[in-house]
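Here the structure comes first, spelled out in C-alpha cells, and everything after it is commentary.
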Amino acid sequence: MQKSLETLRNITDDKTLNPTQKARYLSLEAENMLPYPDLDAETAEALEQRVICDMFEGHAPYKPRYVLPDYSVVLSNGSAYLELPAPETLAEAINTLMIAYHHVPSVTGIPVYIGQLDDLLLPFCDGVSDDDLYRKIKLFWRYLDRVLPDAFMHANIGPTDNRVARTILRVDAELKQIAPNLTFLYDPEVSSEQILAIATNNIIECSKPHIANHPMHAKLFDQRGYGIVSCYNVLPMAGGASTLTRVNLKEVALRADNVEHFFTEMLPHYMELNFRLTEARVDYLFNKSNFFTSFLIEEGWIERDRFTVMYGIYAMAEAVNILQEKENREGLYGFDDVANEIGYRMSKEMAKIVKNRPLENVWRGYAMLHSQAGISIDEGATPGVRIPYGTEPDPVSHVQALAPHHQYYTSGISEILTVDETIKNNPKAMLQLCKGALESGFREFTANVASNDLVRVTGYMVRLSDIAKFKECKGSRTNTTALASEAADVTGILDRKPRVVGNELSAGYGQ
Amino acid sequence: MNSLLATVNKILTYSVVDGPGNRLVIFLQGCNFNCPACHNPYTIGVCDHCGDCVAACHVDALEMVNSKIVFDAATCDQCDACLTACPISASPMVQRLSVSDILEIARKNKPFLNGITVSGGEATLQLKFVIALFTAVKADPDLNGLTCFVDTNGHLGAHSWERLLPVTDGVMLDIKAFDPALHHALTGQDSTKTLKAATIVHDAGKLYELRFLTIPDKTDTDAEVARLTDFARALGSNVRIKLNAFQHHGVRGEALKWHKMTESSVTKIATHLRKAGITEVVTPALYL
C-alpha cells in the first residue's frame, strides 16, 4: 500500500505532467489497485511473464478500448441526452461533432475515431463556398489538435473524390499537425487517380495520410461498414473493439524446442491462454461494468453486439530468427526465403486458430487477428510482423516480403515504409509505390519521408523538432517513442511532455 | 537475340532518381568517359581477368578458373575490397543477363514500376542490347505500359541515335562542361558528340532532362553557367534542367580534394536559370 501511495504522490508532484495528464495517470493507478478479473493460474502466470499481454488497459475494463460511434445518428437526430437539436448548417454540424467527441470513451479517454468526415459533412455543404469550407475545416483541424491532443485520434475520408476530402487534405498538408491521424480509403473503382495523387503528395509533405485498401476491408464488414481508428485498427462502425490483447511471439519461440514444437504445442497453448485473458476482460466489461447502459447505446450511436475483440500478435521477426537459430539456420526474417516462409506459416496458423475459437459477447462470435504495432516498453520486440527498424530492405523488397501476411490480419496491420527525401523531386514514384503495395495485397500503405519534421513512430505521429535534443543522443525509433510519450527519468532532457502525445502507447505512469 | 547478353553491374527495383516515377534501373558495366568526379567509378572499366582482385577477397568468393575470374555471389559479403583492388575501375562481380532475364525481373516488380531506365557506366556502349531490351518491352503485352529511358553521357553518333530513339521514351543526358578544355579535363573526351546529341534527342521530343554536374571552381563559374543558359535556351525554354551537386560520396582519388558543392551555390545557379526563362529547374533534394 505504501508503494502505491508513493506512486500517487509522484504523479501529483510530477514536474513534466500537466494537470489533465496527472488526472489520467491517477485514475489508472486507482483502477489498478482493484483486483484483476478472475484468471486461472496458468493464464495469470503467462500474463505476469508477459508472454501474453493486456496492453496495460487496466484492471477493471469499464469502457471498451475503441468506440466507433455512427456520428450520422447525432447529425441527423441531434441528441436528447446532450440536449442538442439536429444541425442544419455546416457550422452547426461541425459544432455538433466537436461536442460529440467529448462523450466518446476509449482506452485513453480521448476518442480514437472522429468519423468518416466527408460523408458526414457533405450533406451540409450545399451553397457553402470553397473558401468558407476551407476556413471552417482549418478551424476544426486546429481545434482537434489543440483540444484533443492525441495522435491516435483518427479521421477517415474517401473513397470518393469530393470537396470535403480535398479540403481536408489541403488543410492537413498546410498545418502539419500531429493530430488528427488521417486515412484516405482508396478504391480503384471509385476514387479518382487525381485524389490519390493529392493524398500521396501529402505523404511527401507531412507523412500523412495512410492509404487504406478499401475493397479489401469493406468485404469483411456489413452494410454499416467500418472505420479505421487509432494506429491502424479496422473495426465495425457503430461498435468497436472491447479489448486488445496480444501474444509475444518472441517469448513463445523462446519456450519452443524447434519449429515443429512451436507450431504443434507452444503456439496453440499460449494462444489459448490469451483467449482466456480476452474472455475475462470482455466478461467484466459486458457483465459487470454497466457500460452498455450509456446514452450512446440508447440513442443508437453504438450497438452492444457490434463490439469485436482484437487478437494481437507481435515480435514475429524475433520469433522467426530464434526458431531459425534453433534449427541451425542463418537466414534472417525479412530477407531469407526459408525464414519468411516460417513467418507466413505463423500468420496462416494463427488466423486458423482465431477462426475456430468461439467467444461470447463478441461481434460475429470470433476475434479478429491484429498485427500489433507496439507500446513503449517493447524492447527487443519488433511491432507486429514488421522487419526490425533500421534493417529494412528497399521499399519494394520490403512490401514484397510482407505482403503475404496481410490477408490474415483482418482488424489491421501496418508497415511503415521509410522513403528517402529524393522522392520530393519525384512524387509520381510515391503514387506508384502506393498502388504497387495495395495491388500486392497490402491492407494499407504508410510511408515516412526521411527528412520530414512530422514522422510516424510505430503508427502515430511525432514532431522531430519537439524531440531534437533526444535525437542528438540516440535517434532510434523505439527510444524516440519512449521519449515522446514517457516519463521524466527517461525524458530528463525535455522540460515537459510534448503537448500532443500518444497516450495509448503508455504502459502506465513511470513506464 | 537469345545469345545477346548484357554486362550488368547492378539492378535496382526501387529508384526515384533515374527518371519519372519508380523505375527498374539496369546499371550496365563500362564507360567511354573517365571522369575523376564519377560517383560509381567501379562501373567504368570492363574486367580483363588480371586476377588482382582474387587476393583481395577475404571470403574466397573470387577464383581464377582457366584464366577467367569466377565470382560466387553466395559467398560474397559485399565488402567491396575487390573494387578497390581493381587497377582498371572494373568489377569482378558483374552479371551476364539476357533480355528475357530482365523482362522476368520487370514482370515480377511491375505493380511498383513506372518504367525501366538503363544507366551505367555508359549504357549506350551496349547499344545493341539496349535496343533489343526496349523493343522487347514494347512488344510485351504485360510490360508495354512501362516507359523506357536511357541515362547517358551522350557520347554517341547520330546514326546510333537514329536506331535507339524510336524504341526510347525519354533520355536523361549529362553535360559535364561547355568549355572544350574543361570538358576534356573532366571526362577525358571531346564534348562535340554530347552537345550534338542533346539537340538530336531534343528535336525528337525525347529529351526528358538535361543534367549538369556543378563542381566548385570548375563548372559553377559564371562562364559555364552562362553557356549552360544559352545552350538550354537555344533548345527551348521548356527543357528540364537538373542541377546535380558534386559530393564526395563514392568518389575516388584526386577529386576527393575538390570542394563539395553547397546548397546555396546550387540555388544561385538555379535562380539564374529561372530568371533566364528556363521554367523547369530541378535541384538536389539531398546534400550528403
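The values are calculated or read from the model by the stated rules, or taken from the named source; none is laboratory data. Just so it is clear, the structure is predicted and the values come from calculations on it, not from any experiment. Note that we place each Cβ from the backbone using ideal geometry, even for glycine, and neighbour counts take in every protein chain shown.
Checking the structure you have, find out if any residue of segment B:78-98 is touching a strand residue (DSSP E or B) at 6+ places or on another chain (Cβ under 9 Å), more than 14 Å from every other protein chain (Cβ to nearest Cβ), loosely packed, with under 13 Cβ neighbours inside 10 Å and among the charged types (D, E, K, R). Yes, segment B:78-98 contains at least one residue that is touching a strand residue (DSSP E or B) at 6+ places or on another chain (Cβ under 9 Å), more than 14 Å from every other protein chain (Cβ to nearest Cβ), loosely packed, with under 13 Cβ neighbours inside 10 Å and among the charged types (D, E, K, R). Scanning segment A:279-296 finds one or more residues that are crowded, with 21+ Cβ neighbours inside 10 Å, of a type in the set (Lys, Arg) and either farther than 20 Å from residue A:113 by Cβ or outside the structural domain of residue A:74 (by TED's automatic domain parsing) (or both).
Give segment B:6-17 a look and list any residue that's out of contact with any Asp or Glu (no Cβ under 6 Å at 6 or more places or on another chain) and part of a loop (DSSP other than H, G, I, E, B), or say none. Scanning segment B:6-17 gives B:13, B:15, B:16, B:17. Among the residues of segment B:166-184, the ones that are within 19 Å of the chain's Cα centre (by Cα) and not in a loop (DSSP other than H, G, I, E, B) come to 9 in all.
With under 13 Å from residue A:382 (Cα atoms), touching a residue at least 12 places away in the same chain (Cβ under 8 Å) and not charged (D, E, K, R) as the only criterion, which of A:314, A:344 stands out? Give the steps one after another, and end with the answer.
Details: A:344 fails: under 13 Å from residue A:382 (Cα atoms).
Of A:314, A:344, the one residue that is under 13 Å from residue A:382 (Cα atoms), touching a residue at least 12 places away in the same chain (Cβ under 8 Å) and not charged (D, E, K, R) is A:314.
Might you check whether a residue that is touching a helix residue (DSSP H, G or I) at 6+ places or on another chain (Cβ under 7 Å), within 25 Å of residue B:34 (Cα to Cα), free of Cβ contacts under 8 Å to residues at least 60 places away in the same chain and assigned to a loop (DSSP other than H, G, I, E, B) occurs anywhere in segment B:267-280? The answer is no; no qualifying residue exists. Name every residue in segment A:408-430 that is under 22 Å from residue A:215 (Cα atoms) and without any contact (Cβ under 8 Å) to a residue 40 or more places away in the chain, in order of residue number. Hits for segment A:408-430 are A:415, A:417.
Looking across segment A:391-417 at every residue that is of a type in the set (Val, Ile, Thr) and either part of a helix (DSSP H, G or I) or in contact with a Gly (Cβ under 9 Å, 6 or more places away or on another chain) (or both), the one that is farthest from the other protein chains (Cβ to nearest Cβ) is identified as A:413.
For segment B:60-77, a residue qualifies if it is over 25 Å from residue B:251 (Cα atoms) and surrounded by fewer than 16 Cβ atoms within 10 Å (Cβ to Cβ), and the qualifying residues are B:60, B:63, B:64, B:65, B:66, B:67, B:68, B:70, B:72, B:74, B:75.
Name the single residue, out of those in segment B:114-123 being modelled with pLDDT of 95 or more and touching a helix residue (DSSP H, G or I) at 6+ places or on another chain (Cβ under 7 Å), that is farthest from the other protein chains (Cβ to nearest Cβ). The extreme case among them is B:123. Scanning segment A:3-42 for residues being of a type in the set (S, T, N, Q) and either in the same structural domain as residue A:267 (by TED's automatic domain parsing) or under 24 Å from the mean Cα position of the chain (by Cα) (or both) gives a total of 4. Check residue B:63 against each of (1) closer than 23 Å to residue B:247 by Cα; (2) assigned to a strand (DSSP E or B); (3) more than 14 Å from chain A (Cβ to nearest Cβ) and name the one condition it does not meet. Unmet condition: (1). The residues in segment B:231-281 that are under 19 Å from residue B:221 (Cα atoms) and within 14 Å of chain A (Cβ to nearest Cβ) can be counted, and the count is 10. Checked against the criteria, residue B:143 counts as buried (at least 18 other Cβ atoms within 10 Å of the Cβ) and either over 19 Å from residue B:99 (Cβ atoms) or touching a strand residue (DSSP E or B) at 6+ places or on another chain (Cβ under 9 Å) (or both). For residue B:26, state whether it is within 14 Å of another protein chain (Cβ to nearest Cβ) and either part of a loop (DSSP other than H, G, I, E, B) or touching a residue at least 60 places away in the same chain (Cβ under 8 Å) (or both). It is false that residue B:26 is within 14 Å of another protein chain (Cβ to nearest Cβ) and either part of a loop (DSSP other than H, G, I, E, B) or touching a residue at least 60 places away in the same chain (Cβ under 8 Å) (or both).
Screening the candidates B:108, B:128, B:193 for the property of being away from every other protein chain (no Cβ under 14 Å), surrounded by fewer than 23 Cβ atoms within 10 Å (Cβ to Cβ) and more than 30 Å from residue B:243 (Cβ to Cβ) yields one hit, B:128. Would you confirm whether or not segment B:30-52 contains a residue that is within 14 Å of another protein chain (Cβ to nearest Cβ) and surrounded by 21 or more Cβ atoms within 10 Å (Cβ to Cβ)? Within segment B:30-52, not a single residue is within 14 Å of another protein chain (Cβ to nearest Cβ) and surrounded by 21 or more Cβ atoms within 10 Å (Cβ to Cβ).
I'd like to check something: does segment B:230-249 contain any residue that is assigned by TED's automatic domain parsing to the domain that holds residue B:34, in a helix (DSSP H, G or I), aromatic (Phe, Trp, Tyr) and touching a strand residue (DSSP E or B) at 6+ places or on another chain (Cβ under 8 Å)? Checked segment B:230-249: at least one residue is assigned by TED's automatic domain parsing to the domain that holds residue B:34, in a helix (DSSP H, G or I), aromatic (Phe, Trp, Tyr) and touching a strand residue (DSSP E or B) at 6+ places or on another chain (Cβ under 8 Å).
Residue-level check: of (1) surrounded by fewer than 17 Cβ atoms within 10 Å (Cβ to Cβ); (2) under 19 Å from the mean Cα position of the chain (by Cα), residue A:390 misses just (2). Among the residues of segment A:199-239, those identified as of a type outside the set (Ser, Thr, Tyr), closer than 21 Å to residue A:450 by Cα and not in a helix (DSSP H, G or I) are A:208, A:209, A:210, A:211, A:231.
Among the residues of segment B:219-227, is any acidic (Asp, Glu), away from chain A (no Cβ under 13 Å) and in a loop (DSSP other than H, G, I, E, B)? There is at least one residue in segment B:219-227 that is acidic (Asp, Glu), away from chain A (no Cβ under 13 Å) and in a loop (DSSP other than H, G, I, E, B). Taking the criterion of being within 23 Å of the chain's Cα centre (by Cα) and either more than 7 Å from chain B (Cβ to nearest Cβ) or within 14 Å of residue A:210 (Cβ to Cβ) (or both), the residues of segment A:431-444 that qualify are A:433, A:434, A:437, A:438, A:441, A:442, A:443, A:444. If the requirement is being at pLDDT 95 or above and exposed (fewer than 15 other Cβ atoms within 10 Å of the Cβ), which of these qualifies: B:179, B:222, B:174? The conditions single out B:222.
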